[in-house]
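Reading through the structure tokens given below for one structure.
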Amino acid sequence: MRLLSPHGVYAPQEDTVLLARSAAAELRCRGHRLPGAEVLDLGTGTGALALLAAREGAARVTAVDISWRAVLTARCNARRLGLRINVRHGDLTGPVDGHRFDLILSNPPYVRSPAPARGAARTVDAGPDGREVIDRLCADVPRLLRASGVLLLVQSALCGVGATLDRLQEGGLRVRVENRATIPFGPVMSRRAAWLEELGVVPPGLRGEELVVIRAERD
């Protein structure tokens, strides 16, 4: 899908593609094409994942983003493609609290950052350990899943895959790593490589990271 992605809105990248592949397989294999299935995309950005779910036949798709620019971009992309999604403005699960979904997708900010995120950096930066948003998702998402509902979350291995698995399991979900891909550092990570080496997060000279899609299912 060709999507509008203005400055300040996270443009689909390798992590989006990796999560989209897992999401498409989940939508097809688990029968989410059936009437009544509901999908939630948290931190939708351009709307790429929400629009994929709508194209794959999900009955109802809700997308949430804290950025008004992202909300308007996702709505515009939906109109251009003739796909129906409900895009809401708000902070993570706040706009949908109390509702339950069959499938939740999220490509949250997970890049380790030495300084607080401001402006466009909020689309990628997530604090010194990269977990500012992921930990909130792990705490909030379990109560939003219906029975047999699934969360698919993509993150970098540099911000702790084991920690995410543990927190989701503590929330009562069955967890596993669904997909992996290794990619070279992009511009942001390349600029922070020396800092990451000082932290001991990456070995000297390493200029790549593993992306991981985590699948968590409610019984």
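The values are calculated or read from the model by the stated rules, or taken from the named source; none is laboratory data. Small disclaimer: the values here were computed from a predicted structure and weren't measured. Cβ: placed from backbone, ideal geometry, glycine included. Neighbour counts: every protein chain shown.
Taking segment 40-70 on its own, how many of its residues are aliphatic (A, V, I, L, M) and without any contact (Cβ under 8 Å) to a residue 24 or more places away in the chain? Don't jump to the end; show me each part of the working.
First pass over segment 40-70, keeping only residues aliphatic (A, V, I, L, M): 40, 42, 48-54, 58-59, 61, 63-64, 66, 70.
Restricting the remaining residues to those that are without any contact (Cβ under 8 Å) to a residue 24 or more places away in the chain gives none.
So the count comes out to 0.
The lone criterion from (1) at pLDDT 95 or above; (2) in a loop (DSSP other than H, G, I, E, B); (3) closer than 29 Å to Arg192 by Cα left unmet by Arg84 is number (3).
When you scan segment 122-157, how many residues do you find that are more than 24 Å from Ala70 (Cα to Cα) and β-branched (Val, Ile, Thr)? Result for segment 122-157: 1. Whenever a residue of segment 90-115 is closer than 13 Å to Ile134 by Cβ, its partners that are surrounded by 21 or more Cβ atoms within 10 Å (Cβ to Cβ) and among the aromatic types (Phe, Trp, Tyr), lying with C-beta atoms within less than 9 angstrom and at least six residues away or across chains, give the pairs Asn107/Tyr10; Pro109/Tyr10. Consider segment 177-216 and keep the residues that are of a type in the set (S, T, N, Q) and surrounded by fewer than 13 Cβ atoms within 10 Å (Cβ to Cβ). The one that is nearest to Ala25 (Cα to Cα) is Thr182.
Among the conditions (1) at pLDDT 95 or above; (2) more than 20 Å from Val141 (Cα to Cα), the only one that Leu49 does not satisfy is (2). Just one of the numbered conditions (1) assigned to a loop (DSSP other than H, G, I, E, B); (2) closer than 27 Å to Arg191 by Cα; (3) at pLDDT 95 or above is not true of Pro116: (3).
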